[in-house]
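Structure record follows, encoded as structure tokens.
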């Protein structure tokens, strides 16, 4: 069954991990993606790569013949992974829970891959995880989000190069208190 929305498409646990593998302008073959997701069965991986390619989330950037088949190299079309405000507004609380669970599962897999390679040293590796509380008006929150977006976009423009390491930057912003209810009319 084809996903009915962009959220259903990208927030499937395996497809989200494929997307995460290609973040940062990477171009990978299905075999290279499989090497990064060794716990995913080959048939499952190929099916999900095909689903993402058919939806335009993955773009073929190179093809070459290999042993009677065609090996494709894919890149991520990041613009095709955006869930718009209308779709977000139409999601039920359960839809959001499933989406958040898929996001966190992908994040855990990314951290597990990092931690599995020898002796993780968060300070040396520039890695970390933190939580803080911010007291912000809606306007201050919008200003913070805009500033972060600008800083991240500038860094996204960097490509692979001398001394650069691919790093995954993930954000989660959750109101700590329930939203204020409008007074009864």
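The values are calculated or read from the model by the stated rules, or taken from the named source; none is laboratory data. None of these values were measured; they are calculated from a predicted model. Don't worry about glycine lacking a Cβ; one is built from the backbone with ideal geometry, like all the others, and counts go over all protein chains shown.
Go through the range 145-176 and count every residue that is under 21 Å from residue 104 (Cβ atoms) and part of a helix (DSSP H, G or I).
Step one: of the range 145-176, the residues under 21 Å from residue 104 (Cβ atoms) are 145, 148, 152, 166-176.
Subsequent filtering for residues that are part of a helix (DSSP H, G or I) retains 145, 148, 152.
Total meeting the criteria: 3.
Going by what's in this entry, would residue 142 be described as in a helix (DSSP H, G or I) and in contact with a helix residue (DSSP H, G or I) (Cβ under 6 Å, 6 or more places away or on another chain)?
Numbers: in a helix (DSSP H, G or I): yes; in contact with a helix residue (DSSP H, G or I) (Cβ under 6 Å, 6 or more places away or on another chain): no.
Taking the combined requirement at face value, the residue does not satisfy it.
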When you go through 7, 89, 34 one by one, which is the residue that is under 23 Å from residue 104 (Cα atoms) and exposed (fewer than 14 other Cβ atoms within 10 Å of the Cβ)?
-> 89
Quick one: residue 81 ticks every box in (1) farther than 29 Å from residue 14 by Cβ; (2) surrounded by 10 or more Cβ atoms within 10 Å (Cβ to Cβ) bar one, so which box is it?
-> (1)
If you check every pair at least six apart or on different chains, which have Cβ atoms under 8 Å apart with a residue in the range 124-140 that is surrounded by 10 or more Cβ atoms within 10 Å (Cβ to Cβ) first and a residue that is in a helix (DSSP H, G or I) second?
-> 125/114; 127/114; 136/144
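State whether one or more residues within the range 147-156 are under 30 Å from residue 34 (Cβ atoms), modelled with pLDDT under 90 and under 24 Å from the mean Cα position of the chain (by Cα). Steps first, please.
First, the residues of the range 147-156 that are under 30 Å from residue 34 (Cβ atoms): 152, 155-156.
Then keep just the ones that are modelled with pLDDT under 90; that gives 156.
Within this subset, residues satisfying the condition of being under 24 Å from the mean Cα position of the chain (by Cα) are 156.
Within the range 147-156 (the criterion being under 30 Å from residue 34 (Cβ atoms), modelled with pLDDT under 90 and under 24 Å from the mean Cα position of the chain (by Cα)), the answer is yes, since at least one residue qualifies.
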Check 58, 76, 52 and return the single one that is crowded, with 18+ Cβ neighbours inside 10 Å and either modelled with pLDDT under 95 or farther than 26 Å from residue 8 by Cβ (or both).
-> 76
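Output the strands (runs of 3 or more DSSP E) that fall wholly within the range 1-115 and possess 2 or more residues being free of Cβ contacts under 8 Å to residues at least 40 places away in the same chain and either in contact with a helix residue (DSSP H, G or I) (Cβ under 9 Å, 6 or more places away or on another chain) or within 26 Å of residue 158 (Cβ to Cβ) (or both), or say none.
Details: elements: 27-29, 58-66, 69-76.
Passing ranges, in order: 58-66.
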